[in-house]
1. Taking only DSSP H segments of four or more residues, each worth -39500 (n - 2.57), what value at 222 nm results for the chain once the sum is divided by all its residues, to the nearest 500 deg cm²/dmol?
2. Order these peptides, 7-16, 34-43, by their mean beta-carbon neighbour count within 10 angstrom, highest first.
3. Helix 15-28 versus the longest principal axis of the chain: what is the Cα-based angle in degrees, 0 to 90, to the nearest 10?
4. Using Cα pairs closer than 8 Å and at least 6 residues apart in sequence, work out the relative contact order for the chain, in percent.
5. Measure nothing but the geometry: give the 0 to 90° angle between the long axis through the Cα atoms of 37-48 and the longest principal axis through the Cα atoms of the chain, rounded to 10°.
6. How much length is gained if the chain between residue 22 and residue 80 is pulled fully straight, taking 0.36 nm per residue apart and subtracting their Cα-Cα distance, in nm to one decimal?
7. Using a 7 Å offset from the Cα along the Cα-to-Cβ direction at both residue 14 and residue 55, what is the distance between the two label points in nm, to one decimal?
8. Rg to Rh ratio, region 10-68, alpha-carbon atoms and Kirkwood radius?
Ligand code: SF4
């Protein structure tokens, strides 16, 4: 069982720990919530070509795109919704 800190801010944890937690969070999503692998890769491929992608974050919403794309229900926040 993975542990998560529900009281920590980004400034309270190391960069390595933070990214580890992000990927563990994505991995832990329920199958019903999680975007299927093929669709996930498609979404990230679009983000990688997008000029709004800055250091892994979407400049429109401020999310890490790997997290945003991981939930089936989410969508690209751009006015011209790209996925
Ligand atoms: S605007 Fe859409 S496609 Fe571009 S980085 Fe943000 S989520 Fe990805």
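Bear in mind that the values in this text are calculations on the coordinates, not laboratory data. It should be emphasised that the depicted structure is a prediction, and the values quoted were computed from it without experimental measurement. All Cβ positions, glycine included, derive from the backbone under ideal geometry; neighbour counts span all protein chains shown.
1. Values: 3 runs with 30 residues, N = 83.
Mean residue ellipticity at 222 nm (helix-derived): -10500 deg cm²/dmol.
2. Numbers: 7-16: 8.6, 34-43: 14.0.
With the highest mean Cβ count within 10 Å placed first, the list reads 34-43, 7-16.
3. Helix 15-28 and the main axis of the chain meet at about 70 degrees.
4. Details: 52 pairs, mean separation 21.2, N = 83.
The normalised contact order for the chain reaches 26 percent.
5. So the inclination is approximately 70 degrees.
6. Details: separation 58, 0.36 × 58 = 20.88 nm, distance 2.71 nm.
My answer for the length gained is 18.2 nm.
7. 2.0
8. Ratio of gyration radius to Kirkwood radius: 0.99.
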